[in-house]
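Worksheet for the structure shown next.
The values are calculated or read from the model by the stated rules, or taken from the named source; none is laboratory data. What you are looking at is a predicted structure, and each value in this text was computed from that prediction instead of being measured. When we count neighbours, we look across all protein chains shown, and the Cβ atoms used for this are built from the backbone with ideal geometry, even at glycine. Surface accessibility is based on the protein's heavy atoms, side chains included, excluding ligands, DNA and RNA. Shrake-Rupley method; radii C 1.70, N 1.55, O 1.52, S 1.80 Å.
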Amino acid sequence: MNDILQGLLEAGRLVVTLDPDLIEISIRSLEVTLSAVLISSLLGIPFGAWLAVKRFRHRRAAIAVLNALMGLPPVVVGLVVYLMLSRSGPFGVFGLLFTPAAMIIAQVIILTPLIASIAHQAMREMWAEYHDLLISLNTTRWQRIKALVWDGRRALLTASLAGFGRGIGEVGAIMIVGGNIDNATRVLTTAIALETGKGDFALALGLGFVLIGLAIAVNWLIHILSRTEVSGQW
Amino acid sequence: MVTQTILPLRLRDARVRKNGRVIVGPVDYELPADGFTIVIGPNGAGKTTLLRMMHGMERLASGAVEWQVAEKRARERQAFVFQIPVMMRRNVLENVAYPMQLHGSSRKQARAEAARWLELIGLAEAAERPAPVLSGGERQKLALARALIRKPEILFLDEPCASLDGRAMREIEAVLQSAHSEGTRIVMSTHDMGQARRLASDVLFVHRGRIHEDGPAARFFEHPQTPEARAFLQGDIVE
Amino acid sequence: MKKLFLSAMLMAFAAGAAGADVMKMAVTTSFHNSGLSEILLPEIKADLDLEVQLLVVGTGQAIRLGEAGDVDAILVHSRPAEERFLAEGYGTHRTEIMYNDFVLIGPADDPAGIADAGSATAALVAISEQKIPFVSRGDDSGTHKMELSLWDGAGVGEDVRQVEWYKQAGSGMGATLNTASGLNAYVMSDRASWLKFGNKGDLELLFAGDPVLFNQYAYLPVNPEKHPHVKADLAGKLEAWLVSDRAKALIDGYRLEGEQLFTFNAGQN
Ligand SMILES: Nc1ncnc2c1ncn2[C@@H]1O[C@H](COP(=O)(O)OP(=O)(O)OP(=O)(O)O)[C@@H](O)[C@H]1O
Ligand SMILES: [Mg+2]
């Protein structure tokens, strides 16, 4: 109990003093995860919608695989991306290992199935609703996907925010591919792991509280900007 | 603009099967190029399925649905108002504008045209309301405006007045009659015999998945040819 | 498609990395935990205009990083692994820089009585005979390898080190100390990690000073013949600095809670 209190105090101290290291790693956390969420949403949302609209032979199998991919252990993703990006791996020439780009790539792999799967769920419901109209209007597949994504944008925002939640708290993959380099690839979660390793529980916990606060702030901000709660009649 | 009419529509030995059971057909029928056709028949007779089949929305177990032009082009010239209209999750104006935007109209053009239709149909005041909050009657009006905005050559309607009060019903009927007088072919199902008598130029009586009897409205209502049609008109239970 | 995506990302991030020279060096957790890097890196930056990015990993992984060419040099402390690294041509040479020492930690009441042991060997034998809990790194790190060689030297074979008292944490020094603290068990640690460790609980430093516990650090640049992209020139500059009198003064002068941790010994063997 005392440790937790100390963690809270530490969090307060870090925030009040605008600790420069804290600000730097918080910004990096946001940069990495927001980039990954953006890319994953651009990939996952159209894919989820496409999966809802298109009937093909192995559709069920594809959905099952997608749902299974949601459970990918980040450490495994990290290891595979690491081996791909390593100088002796297939994409080694790009020199991306231990850079924020590598962290984004790993998170995109982790987040895309999650976002696609939630998007598919939402799009499937909407497709059941819209099916007759869109078929009757002789729409192309692309027009169908566009209508579903546009009209379902609030539900899809939830998918992206779920991705953000998973990404911002993720440590296994980005630790491996980012290397937790001070001033280069250290983010909130890897810093927490580091401080825990040193036995400095108060600082680790303080960073943890900052992380939670940041996640809440981002969710809140996005809800305000999109006014989901105000105009949420449907 | 209409280079070639898509009518008449010809159904040849058309059959729709669901769960291994033929629910409509076989139907052999030619829908004439002109007229206001009313489809009647008991619940579960197959009216909805027949209309959807004509519109090309049911997979045929046999036979064919033939228009005078290729199926894809024919579909562009048709519109359908469903028994339960789909309310897209956007406002009323944008719901009505949507079909025009699909066809390359600019957003501005489409919205201007949609506003004109809303005025015509008496929904102008609700233009900025989200469509999913509309009442049953308003929904039917929206669906009708959305179906007519592309000036279809033929319009199918599946019980468009099922849950409407007398006034709303008359308003919709007026819109349909004016569309018909401007050359739109109309095929509509209803359970309201008064409405059928008011609107029909000819009648399709559907019974057990088949077109049991068809003909000009005057003859059908005065001298039904089959015992089933006679019983149905008298309000008896048709077996 | 994938390539395109990757190169776009590459360009986005390459743009931000201008300025000072940058090189990557893999170091062991124990070195980083000592806090010495926080003293040395800013001085290196000031003297050489060189930013050294540290990858803090176990010895095993540090060597893998060097073999793969993902870092430009490694700073580790496991002689047999270093020599294999050189023999296989991954490194150009090995330069000894400094040493620190390992210490034996345990519960304050010292149930095995190792505080008065005459040697590290005697201490370990006492723990094993009484089967008092002992937490091992168990992660194939330099520290772990050192610990294993001590057990073998004490004649306590793998068959004797049973799980009922010998726990393999499979993690870094800090996490292993956390585990020992939680179990109130014996544990071997480098002195620096122990001094910096914040969750000591009931643990105390019980035994140190036996020369077998000394721990030699060596610097190995990655061979540019194997990996042409490595920054051999920067690695060379850093090496010259690490063996200089300037480095000697900083290393010997570094104090943690009043104790000297490292002894500079470059060029002495
Ligand atoms: N997917 C389906 N699977 C099995 N049976 C179906 C399916 N769709 C429709 N049917 C059956 O086909 C028959 C005709 O249905 P349809 O909806 O065309 O009737 P309807 O004449 O429009 O009835 P109502 O007047 O009640 O609207 C009904 O018995 C219905 O239960
Ligand atoms: Mg029906």
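Per-structure values
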{"item": "Computed label-point distance, nm, for sites A:ARG55 and C:ALA122 using a 7 Å Cα→Cβ extension", "result": "8.5"}
{"item": "Over the range A:2-226: Rg over Rh, Cα atoms, Kirkwood Rh", "result": "1.05"}
{"item": "Solvent exposure, largest accessible area first (probe 1.4 Å, DNA, RNA and ligands not counted), of C:ASP72, C:ASP245", "result": "C:ASP245, C:ASP72"}
{"item": "Listed residue (C:TYR99, A:ILE118, A:VAL108) projecting farthest to the positive dipole end of the protein assembly as shown, Cβ model", "result": "A:ILE118"}
{"item": "Whole-Hz ³J(HN,Hα) from phi, Karplus 6.51 cos²θ - 1.76 cosθ + 1.60, for the range B:100-106, glycine and proline x", "result": "6, 5, 4, 9, x, 5, 5"}
{"item": "Dipole magnitude of the protein assembly as shown, debye to nearest 20 (Cβ charges: Lys/Arg +1, Asp/Glu -1, about Cα centre)", "result": "4400"}
{"item": "Nearest-0.05 FRET efficiency for B:TYR29 and A:ASN183, computed from C-beta distance (R0 56 Å)", "result": "0.10"}
{"item": "Length-normalised contact order of the range C:139-269 in % [C-alpha pairs under 8 Å, at least 6 apart]", "result": "15"}
{"item": "Residue-averaged beta-carbon neighbours from other chains (10 angstrom radius) around A:177-187", "result": "4"}
{"item": "Residues with amide H under 5 Å from that of C:TYR219, placed H, sequence gap 5 or more", "result": "C:THR95, C:GLU96, C:ILE97"}
{"item": "Point-charge dipole on Cβ atoms (K/R +1, D/E -1) for the range B:44-144, about Cα centre, debye to 20", "result": "200"}
{"item": "Helix-only mean residue ellipticity at 222 nm for chain C, each DSSP H run of n ≥ 4 adding -39500 (n - 2.57), per residue, nearest 500", "result": "-12000 deg cm²/dmol"}
{"item": "Per-pair calculated FRET efficiency, R0 = 35 Å: A:LEU38 and C:ARG246 via Cβ, rounded to 0.05", "result": "0.15"}
{"item": "Residue list for the range B:10-52, given a label point 7 angstrom along the Cα-to-Cβ vector of B:ARG73 and an amide N cut-off under 13 Å", "result": "none"}
{"item": "Degrees separating the helix A:59-69 axis from the principal Cα axis of chain A, which is the longest one", "result": "10"}
{"item": "Per-residue ³J(HN,Hα) for the range B:184-198, Karplus 6.51 cos²θ - 1.76 cosθ + 1.60, θ = phi - 60°, Hz, x for Gly and Pro", "result": "7, 6, 10, 10, 9, 9, 7, 9, 9, 5, x, 4, 4, 5, 5"}
{"item": "Cα centroid separation, the range C:140-178 to the range B:2-46 (Å)", "result": "83"}
{"item": "Sum of side-chain charges, C:MET173 neighbourhood, beta-carbon under 12 Å (Lys, Arg +1; Asp, Glu -1)", "result": "+1"}
{"item": "Sequence-distant residues sharing a close amide H with A:ASP182 (under 5 Å, placed H)", "result": "C:LEU54"}
{"item": "In degrees, nearest ten, helix A:201-226 long axis to first principal axis of chain A (Cα)", "result": "30"}
{"item": "Rel. contact order, % - alpha carbon contacts under 8 angstrom, at least six apart, chain C", "result": "27"}
{"item": "Relative contact order %, the range A:2-226, counting alpha carbon pairs below 8 Å whose residues are six or more apart", "result": "34"}
{"item": "Residues with amide H under 5 Å from that of B:GLY41, placed H, sequence gap 5 or more", "result": "B:VAL206"}
{"item": "Debye intensity ratio in log₁₀ form over the Cα atoms of chain C, taken at each q of 0.09, 0.17 Å⁻¹", "result": "-0.46, -1.30"}
{"item": "Between helix C:120-130 and chain C: long-axis angle, C-alpha atoms, 0 to 90°, nearest 10", "result": "60"}
{"item": "Residue among B:PRO132, B:GLN101, B:ASN91 farthest towards the positive dipole end of the range B:88-133, charges placed on Cβ", "result": "B:GLN101"}
{"item": "FRET efficiency for A:VAL75 and A:ILE27, using Cβ-Cβ distance with R0 set to 25 Å, rounded to 0.05", "result": "0.50"}
{"item": "Table column - 3J(HN,Hα) (Hz), the range B:57-71, Karplus curve with 6.51, -1.76, 1.60, x for Gly and Pro", "result": "9, 10, 6, 7, 7, 6, x, 8, 10, 10, 9, 7, 10, 4, 4"}
{"item": "Approximate spin-label separation B:VAL133-C:LEU256, in nm, with each point projected 7 Å along Cα-to-Cβ", "result": "6.5"}
